[in-house]
Amino acid sequence: MKGTLQKIQQDLRVLASERALKSWEKSTPTATKIYGVSVADINNLVKKYYKDSSFPLVEALWNSGYLESRLLAAKLLGRICKKDPDKALELLKHWAKTITNWAVCDTLATQGIRKIARLKQTEIFKIAKQLVQSDN
């Protein structure tokens, strides 16, 4: 996992551009750590690394705090969430407390748990109800 994480972080640094950075800064002003990688490049990284995905990897990506790492973590979670739906929901609950922008929120909600939405519908609505009532 550590080797894959390092490869991903290197890829994110290489793919970063000033143009993408400015775009992210404009569209997600509350994001504090940004490489400057386009969504298209993030999607390509999902394709490149999804076979090596694991819960520890997505957690490490999320914990880096970078916007693009969190987007990648959410998208990769969507690829592995069926392996352990309860673990996926545990991560969702934990991560929700640290979301600071719409891009990560939307990606996590629409791509991170999509494949378990029907299976874990009751639990997801319970989590959503709690989050809607949160001061955060």
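The values are calculated or read from the model by the stated rules, or taken from the named source; none is laboratory data. Predicted model only: the values in this text are computed from it and were never measured. Note that we place each Cβ from the backbone using ideal geometry, even for glycine, and neighbour counts take in every protein chain shown.
Out of the residues in region 100-116 that are in contact with a Cys (Cβ under 9 Å, 6 or more places away or on another chain) and surrounded by fewer than 19 Cβ atoms within 10 Å (Cβ to Cβ), which is nearest to Leu131 (Cα to Cα)?
Going through the qualifying residues, I end up with Arg114.
Would you mind stating whether Ala16 is without any contact (Cβ under 8 Å) to a residue 24 or more places away in the chain, surrounded by 13 or more Cβ atoms within 10 Å (Cβ to Cβ) and in contact with a Phe, Trp or Tyr (Cβ under 6 Å, 6 or more places away or on another chain)?
Here the answer is yes, as Ala16 does meet what is asked.
Of Ser27, Ser38, Ser17, Ser64, which residue is farther than 19 Å from Lys129 by Cα and under 13 Å from the mean Cα position of the chain (by Cα)?
That would be Ser64, the only listed residue that is farther than 19 Å from Lys129 by Cα and under 13 Å from the mean Cα position of the chain (by Cα).
Based on this model, can you work out whether Glu123 counts as of a type outside the set (Val, Ile, Thr), part of a helix (DSSP H, G or I) and modelled with pLDDT of 95 or more?
no
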